[in-house]
Amino acid sequence: MTRPVVLITGGSRGIGAAVAQLAAQRGYDVAIGYRSDRDAAERVADACRAAGASSVVCQGDTARAEDVVRIFDEAQAALGPLSHVVNNAGITGRSGRLDRAEDDTVRACIEVNVLGALWVAREAARRLSTRHGGRGGSIVNVSSVASRLGSGGEYVWYAASKGAVDALTVGLAHELAADGVRVNAVSPGITRTEIHEKSTGDAARVERLSANIPLKRPGEPEEIAEAILFLMSDAASYITGANIPVSGGR
Ligand code: NAP
């Protein structure tokens, strides 16, 4: 039987790395996208191989359409036709009020989280859909509960970017439904990854915010990965256009 093949953008760390390793354990071959840290991506690929998967790392900036095409080309050249894509790469930029935000902070976030998500989704549609000779499959976009909470005082531009991901998920689900491709999203809440220290410089942010989470603790990347793997799987065969919050009730 042909093994499913998944490409995960932003697979070198955090949620993407957890998805890669869980996918390998569940029988997928795994392409790991990353932008800057090749060693980190290679460590994730080694873990996938140790779980019995074929794995390759693919460098590229998802905000650049030409890089995205190359990432998909390299993944398919190494592992064969893709069946699943996890559209995960994302950034927040330095946190703060919008009236104090630098142009570059806002622009970079929109370029990666909105344009990048669109380029990855477009390429996934081209490769997976039966309309274009693909074998069908599914796409999971990684949004955030920020799109509903708004992230006032922290990064409203990031919340706005994830609102775009939510809309993309619904629209593309409708567009690809007849082409054998399901499109869904997960919306993590506060999850223990490096993104928080990068955005705030505060390593304790995740623990500090725990009091505001109904389950009184941050999520672990592996808990987000479980929801993503469910949406990728045949157990979710009648689910498209859905967006699952994985946020401890926040
Ligand atoms: P993370 O630990 O900072 O990891 C981000 C990953 O994305 C890294 O692999 C990074 O690769 C990659 N990346 C960033 N910009 C990229 C670009 N332009 N092109 C290609 N790759 C790029 O972040 P995370 O917390 O796992 O977040 C993953 C996703 O979950 C993001 O979409 C984020 O918005 C979403 N999310 C996270 C949380 C949370 O609390 N952690 C909550 C809600 C939503 P390099 O290191 O090589 O650059």
Exercise for the section: Enter the per residue convex hull volume of the chain, computed from alpha-carbon coordinates, in Å³ rounded to the nearest integer. Expected result: 115 Å³
Practice task
Please report, in debye to the nearest 20, how large the charge dipole of region 124-169 is about its Cα centre when each Lys and Arg carries +1 at its beta carbon and each Asp and Glu carries -1 there.
Solution key: 360 debye
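Could you list the square roots of 5 times each eigenvalue of the Cα gyration tensor of region 81-125, that is, the equivalent ellipsoid semi-axes, sorted largest first and rounded to whole Å? Intermediate values should be presented prior to the final figure.
Details: eigenvalues 158, 17, 6 Å².
They are 28, 9, 6 Å, listed largest first.
Quote to one decimal, in nm, the extra length available between Glu175 and Asp103 on full extension: 0.36 nm per residue of separation minus the C-alpha distance between them.
Details: separation 72, 0.36 × 72 = 25.92 nm, distance 3.35 nm.
22.6 nm is the gain from fully extending Glu175 to Asp103.
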Practice task
Using a cut-off of 10 Å between beta-carbons, work out the net charge of the residues near Leu79 (Lys and Arg +1, Asp and Glu -1, Leu79 not included).
Solution key: -1
Problem - 0 to 90° range, to nearest 10: angle between helix 221-232 axis and the chain longest Cα axis - result: 40 degrees
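Roughly how big is the chain's charge dipole about its Cα centre, with Cβ charges of +1 (Lys, Arg) and -1 (Asp, Glu), in debye to the nearest 20? Could you put the intermediate results ahead of the total?
Working: 28 positive and 29 negative charges, 83 e Å.
Charge dipole of the chain: 400 debye, to the nearest 20.
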Handout entry: Within region 69-112: backbone nitrogen closer than 16 Å to the Arg208 label point (7 Å, Cα to C-beta)
Key = 94-97
Practice task
Pop a pseudo-label 7 angstrom from the Cα along the beta-carbon direction at both Phe230 and Leu149 and give the gap in nm to one decimal.
Solution key: 2.0 nm
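If we sort 80-92, 50-62, 4-16, 192-204 on the protection proxy, mean other Cβ atoms within 10 Å, highest first, what's the order? The partial results should precede the final answer.
On the way: 80-92: 24.0, 50-62: 19.8, 4-16: 26.7, 192-204: 15.2.
In descending order of packing, they fall as 4-16, 80-92, 50-62, 192-204.
Any read-out appearing in this document is the output of simple, stated calculations on the displayed coordinates, not a laboratory observation. Computed from a prediction, not measured in an experiment: that's the story for all the values here. When we count neighbours, we look across all protein chains shown, and the Cβ atoms used for this are built from the backbone with ideal geometry, even at glycine.
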